[in-house]
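Taking it in order: structure first as structure tokens, then the write-up.
The values are calculated or read from the model by the stated rules, or taken from the named source; none is laboratory data. None of the values given here were measured: they were computed from a predicted structure. Counting neighbours? That spans all protein chains shown, and the Cβs are built from the backbone with ideal geometry, glycine included.
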Amino acid sequence: MKLVKVKDTYNLPYTIHVEWTAYLIFSTLLLPIVLVFILTTYANRTSADNLIFELIILAILSSIFICLKSFKIILKEESLCYKYLFFKSREILYSDIQSANIEVGITSVKATNKPFYRLNLYKDYSEEPLTINMKSFSKRDLAIIIDRLVTVNPGIVLDELSQNLIEGNFKPIVNTGIRRILQLFLLGLAFVFLYGLLRIVWGLFF
């Protein structure tokens, strides 16, 4: 995999937007659902109902794309600002960041509602970190984030996956993601197997 080196290739303030592939993925996932929904309900509605139905569909699709558009990261001279979910935002000074790590998949109970690929920025381990959804942004922009962190704050503690980003090496992150997906798949198979076995045992003895 080709390395993405970003040292001295950007100027501040640097605004990072959601990568275009995120829009493509959401469109690809939503289009079949919308088409099936329209085909199964449209014929049984009146003209007035059709108009309301079309407006609702348009509002839902618009909300999703506006939500994606709201995701952005602004790298300033002294701080990082993460905007997400319409109007929410968090800002952190580079000098306040003690450590950063990259987590992939469900690594704990608390991580069940977290993005699959995420960059955590810690001010203090007793506090909730600023968590960035990595999947929404390009590899180059993610490398720029890490480069800016270590440039301003050389004392920041990075985990192994974060250190790879300094040179734009994403292969370890991708490999970790593949392992996590395989683990989830195997756990699912094990659950189905045990459930089927219990059903058989129950049927034989009860």
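The table below lists the values:
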read-out: Lone unmet requirement of (1) more than 15 Å from the chain's Cα centre (by Cα); (2) in contact (Cβ under 8 Å) with a residue 60 or more places away in the chain for TYR122; value: (2)
read-out: Evaluation of SER95 against (1) in a strand (DSSP E or B); (2) of a type outside the set (D, E, K, R); (3) more than 15 Å from the chain's Cα centre (by Cα); (4) modelled with pLDDT of 90 or more (one fails), failing number; value: (1)
read-out: Conditions (1) surrounded by 11 or more Cβ atoms within 10 Å (Cβ to Cβ); (2) in a helix (DSSP H, G or I); number of the one not met by GLY168; value: (2)
read-out: Conditions (1) within 16 Å of the chain's Cα centre (by Cα); (2) of a type outside the set (Gly, Ala, Ser); (3) buried (at least 17 other Cβ atoms within 10 Å of the Cβ); number of the one not met by LYS114; value: (3)
read-out: Residue in segment 158-179 that is at pLDDT 90 or above, farther than 24 Å from ASP8 by Cα and of a type in the set (S, T, N, Q) present; value: no
read-out: Top-ranked residue in segment 80-92 [being in contact with a helix residue (DSSP H, G or I) (Cβ under 9 Å, 6 or more places away or on another chain) and under 18 Å from LEU142 (Cβ atoms); ranked as modelled with the highest pLDDT]; value: LEU80
read-out: Residues within segment 77-97 that are touching a Lys or Arg at 6+ places or on another chain (Cβ under 7 Å), within 22 Å of GLN163 (Cβ to Cβ) and surrounded by fewer than 16 Cβ atoms within 10 Å (Cβ to Cβ), tallied; value: 1
read-out: Options LYS110, LYS69: the member that is in a helix (DSSP H, G or I), closer than 30 Å to GLY188 by Cα and out of contact with any helix residue (DSSP H, G or I) (no Cβ under 6 Å at 6 or more places or on another chain); value: LYS110
read-out: Boolean, ALA100 is over 15 Å from the mean Cα position of the chain (by Cα) and surrounded by 15 or more Cβ atoms within 10 Å (Cβ to Cβ); value: yes
